[in-house]
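The values are calculated or read from the model by the stated rules, or taken from the named source; none is laboratory data. As the structure is a prediction and not an experimental result, all values here were calculated from the model. Cβ placement follows ideal geometry from the backbone for every residue including glycine, while neighbour counts extend to all protein chains displayed. Surface accessibility is based on the protein's heavy atoms, side chains included, excluding ligands, DNA and RNA. Shrake-Rupley method; radii C 1.70, N 1.55, O 1.52, S 1.80 Å.
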Amino acid sequence: MVFAVMAGGYVVTEFQEIQRLRVFGVDAGRPIQEVFPVLELPVQAIAALGIPLDTTSYAFIAGVLGALLVLEATRRAIGFYLMVLVSLFLVYARFGYLISGSAPFIGVFATNEIGWASIVQNLWFNTENGIFGIPVSVSVQFIYIFVLFGAFLEMSGAGKWFIELAYSLTGHKKGGPAKASILASGFMGTISGSSIANTVTTGAFTIPLMKRSGYRPEFAGGVEASASSGGQILPPVMGAAAFLIVSFTGTPFADVVVAAAIPAIVFFFGVWVMVHLEASKEGIGGIDASEVVDFSPHFKRGWFYLVPLGLLLYYLIVVRYTVARSAWFTIVALVALIALVAAYDEQTRLPLFGTIAALFAAHLASFYAFGVGLAEALFGARAGPLSLGRAFDFASGDLGTIVFLVGVVFLLAHPRGEAPLLDYDEQVDEAAETVASFVGKPALARNRVFEYGTFLGKSMDAGARTATQVVIAVAAAGIIPGVVASTGLGPNLTTLILNVSGGSLVLLLLITAVSSIILGMGMPTTVTYIILVSLLGSAISQIGGIPILAAHLFILYFGVIADITPPVAVAAYAAAGVAKSDQFQTGVEAFSLSLNKAIVPFAFVFSPGILLLRGTGGPDTVNVLSLADVLDVGFFVPYVLIPVVCVFVGVVALGPTVIGYLYAPVSRTERGLFAVASLFMMAPGLIQVVRNTLGFDALLFDLVVRGLGVALFAALVVKNRRASEANGGGEEPAPVDAATAEA
């Protein structure tokens, strides 16, 4: 802790000296005894032993301490392997000059000799690259506030409500528990954006029910891991890497949300198709109606949990506030909303809403008459009167504060009442009981004011703990672009990759996909994204012909896939622990169910219309589709509508490929043909070498190949349907209750 304060404190307090160090080098800084005169005697004693601490720049010492502490924090919070990987980059930065430029294959990694002082300066005192570079800056500006938003939403009980809502919608249908798992994981993805967190949170509910209904343990774990990994690509929150995309590409977050929407829906739809086919194949029904909550009363009890998500989208897409501003306003609204719901019961309902309405009306009237809010007006402040519309705009901005204050006052006035609509997360209840017992007043745990205060504290605690891991991960990963920038590795690596790919976009994308999966084994998606953007981003940009946002989303998708790809599939292993299944086989099932997640990125790179984008290059030359683009039939139909429809039909074709069943069992040959049909419909650009050989027009080739895929798929479906009818068709499986499952 002392070393951390020393290293970080120097950066905060010695800005003028750091500015000089950028010119004269880190060795030009003051020695430690000049910065801390109290350490004069210890420093001289150490110097007498032959260690030149008295002449060493304190800036250098602070940088070394900071880098080492980041590596140790990485080992503790993330794991040993990421620490080793980052450390290897540091070793390369110092000793890469030993590689001969004329050496075959590895000569491209040759670099000039760089001293430790220069390395430390680039890593600790550079705000463009290094530890305090763009990744950490983005985590401070954007990621933390969204992590905090997710924590508040989860601690309010939204997670549990979303899971039960998913079961009320699908639990009674064929394969209902698995379908509910997909919906619940999608809902939870809007809260946390973490594959592992989603898996263990929703899996604790969904996996046992899937096993009881008849799904194999490995399949149940695979469904949960696959669906939970999709949380990082599901708007509006997405994972931490989405905010890095905003910074690296210069694309507004609202545009990232719009672009990511259709691919995310396609992914969840594809997993849905596969679990439906598995249920049809194995004769798995839904769970008994007695075990599922009724949709209408459940929705009425917790519909307010949807309000923060709606507000977030409104701020981001309609009003187009900045990312941090949108998230902050949404958190304020959520805190006020929970205060209102906590104070609400049959006794307080009318006076509660009446007080809010009266205060808002008085606040509005104050702006209308005096041009200032009610509080300022009561203290005599005056300005010019406003129009009713302007007054409403000003007054509505304070509505959250009014709701919060009124809610807290009513909680204080009725501390022993019940909150029939609110069911805090179990962690909040446990924390309230623990603190109440600690202070010797167990009855406090049932006090509504105390519960609300515990909710606020536990939300901030959970947000800080989650954000700590994210910030440490991006700080460690920031070392890699720092090394790439300081050694000149970037241009050399770009040249190598372009030479290996031969200028082929398909080959370059395949290299990127494989690299993402390998690097992402056991590492956070955010880290994988940062590393690959540093190493491959320039190469993808130079080949061109695609929107930069599409290229970065491509890297993000394959970073997410790494969480469920054996042999190191961390999300699948978490699901296997809940399902008590074989870890490797669970990973295989999860990857198989996510196969469409590996094809969809190729689909939207070759057809950016799937991302609702028009144009190529950066944000200056690419735009989200406008009404004029939609009305431009010559563009919209072939470049947007047909690719979107085909990608949805394509993931349906992937279902029989993976499951081996449609209306009837599918042979190996037919599974291969279904796979071909799926690829033709989703990503005809993968065979662009054929197009180039034949000299076809790009659009004509695209439409012809998609048409062949549709025709092949239709023929296979008709054949399989006839086979099913010849065998007498299939019967709908009956719901499975608990007693039958036990038997």
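Taking 7 Å steps out from each Cα toward its Cβ at residue 413 and residue 88 produces label points 6.6 nm apart. In this structure residue 451 has an accessible area near 50 Å², from a 1.4 Å probe over the protein heavy atoms.
Longest stretch of the chain clear of exposed loop sites (chymotrypsin sites (Phe, Trp or Tyr not before Pro), DSSP loop, at most 10 other Cβ atoms within 10 Å, sites excluded): 380-743. In segment 338-476, carbon and sulfur make up what percent of the accessible area (probe 1.4 Å)? About 66 percent, which is the carbon plus sulfur part of the accessible surface.
Solvent exposure of segment 471-587, expressed per residue, is 28 Å² of accessible area, with all protein chains present and a 1.4 angstrom probe. Name the helices (complete DSSP H segments) of the chain with a Cα length along the long axis of 27 Å or more and a Kyte-Doolittle mean of at least 1.0, or state none. Span-like helices in the chain: 58-77, 253-282, 323-343, 349-370, 698-726. Rolling a 1.4 Å probe over the protein heavy atoms gives segment 76-117 an accessible area of 62 Å² per residue. With R₀ set to 60 Å, the beta-carbon distance separating residue 16 from residue 722 gives a calculated FRET efficiency near 0.15. Residues 668, 349, 325, 465, ordered by accessible area of protein heavy atoms at a 1.4 angstrom probe radius and largest first, appear as 668, 465, 325, 349.
Taking the protein heavy atoms of segment 1-121 in the context of the full set of protein chains, the accessible area attributed to carbon and sulfur is 69 percent at 1.4 Å. If you count Lys pairs in the chain whose Cα atoms are under 15 Å apart, skipping same-chain pairs closer than 8 places in sequence, the total is 6. Taking each DSSP H run with n ≥ 4 as -39500 (n - 2.57) and averaging over every residue of the chain yields -22000 deg cm²/dmol at 222 nm. Quick check on segment 227-318: take the gyration tensor over C-alpha atoms, sort the square-rooted eigenvalues as a ≥ b ≥ c, and tell me if it's rounded (a/c under 1.5), prolate or oblate. Oblate is the answer for segment 227-318, as a/c is 1.5 or above yet b/c matches or exceeds a/b.
Exposure check, 1.4 Å probe, all protein chains in place: residue 212 carries approximately 90 Å² of accessible surface. Using the 1.4 Å probe convention, the accessible area of segment 121-271 works out to 23 Å² per residue with neighbouring protein chains retained.
By a 1.4 Å probe calculation restricted to protein chains, residue 13 has an accessible surface near 100 Å², given to the nearest 10. Neighbours of residue 664 by Cβ distance under 12 Å: Lys/Arg scored +1, Asp/Glu scored -1, total +2.
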